[in-house]
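No value in this document is a laboratory result; all are computed from the given coordinates. None of the values given here were measured: they were computed from a predicted structure. Note that we place each Cβ from the backbone using ideal geometry, even for glycine, and neighbour counts take in every protein chain shown.
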Amino acid sequence: MAYFVIYSIAGYLIETLFALVTKGVIESRRSFLYGPFCGIYGLGAVVMVIGLQRFNKNNYTLFCGGFIIGSIVEYVISWIGEILFDIKWWDYSNIPFNINGRVCILFSVFWGVLAIYLMAHIHPLVEKFLNKFTPHLLKTASVTFVIFMFLDCLITGFALKMFFTKLVNENELELQGVGAYLKEYTAMYETPTVKKVVDKFFSNEKMLKTFPNIKVTDKEGNIILVRDILTDIDPYYFRVFTPSY
C-alpha cells in the first residue's frame, strides 16, 4: 500500500512536469477529483516491482520485463477507465503501432526504460525512505491514504457519470456507454437536493479543470475532447511558455 501511495503521488508530479515540458502549461493531471494521485503509476509500480523480480538479472531483461508488464498494466487501466467511468484518460490512436489506442510501442519502450531506472535507482530510494518509519506508523499512514483514495475513486465515478449525463442532456449528444445509466442519473439530477450538490461540487467547470484532457466517444466511434464541447469555460491551465514546435 505504501508503494502504491508513493508512486501514485510521484506519477502525478511526473505527469504535471511532462505537461509543463511538452505543452508549456501547468494543468491538472490527477486520476481522481481531490487527491494528488495518478493511479496508473501507483498500480503500475506495484505490479512492476513484484513482477520484475524474475527479470532483475540485467538491464536487457529488465527492459523486456518492463516493456511487457507496463504495456499490460496500461492497457488494463485504460480498459477499466472506459468500462467503469466511460472516460478515456489517454488515446494513442494517432501514434503508430498502437493497440485500440490504449497502448503503443513508443510508450511501451518508455515502460521498458522506466523499469531499469525503477529497479536500479528509484525503488531503492523509496525503500530507504520507508525504512525511516516505524511499522505501526507506516501501516497506519498507508491504510489511511488508501481509504482516502478509495473514497475519492467512488466519488469520482459518481461525479463523472453525472457529468456525462448533463453533457448529453445539455448538448443533445449520443455517447457510447452513457445510455446504460442515462435515464437513472437524469432522474437523480432532477431531485433538488442532488442537483444542488452536483452543481456546487461537480460543476462542469470543476470537472473540466480537474480532467482537462477528458475525451468521450460518440455513437459513430469518433473521439471528442470535452473541452471542444464546453467552449464557454475559461482556460483550464496556467501557461508558462508557448512551445516553439
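A cut-off under 13 angstrom between Cβ atoms defines the neighbours of residue 240, and their net charge, with Lys, Arg +1 and Asp, Glu -1, is +1.
Straight-line cross-link partners of residue 23 among the lysines, defined as a Cα under 23 Å from its Cα and at least 8 positions apart when in the same chain: 88, 206, 209, 215. Scanning the chain for long hydrophobic helices, with DSSP H runs required to stretch 15 angstrom or more by C-alpha along their axis and to average at least 0.5 on the Kyte-Doolittle scale, returns 2-23, 39-51, 59-85, 105-117, 135-171. Under 8 Å for C-alpha pairs, at least 6 residues apart: give me the relative contact order for the range 2-63, rounded to a whole percent. Relative contact order comes out at 38 percent.
Across the chain, Cα pairs under 8 Å and at least six residues apart give a relative contact order of 24 percent. Partner lysines whose Cα lies under 29 Å from the Cα of residue 128, excluding those fewer than 8 positions away in the same chain, are identified as 57, 139.
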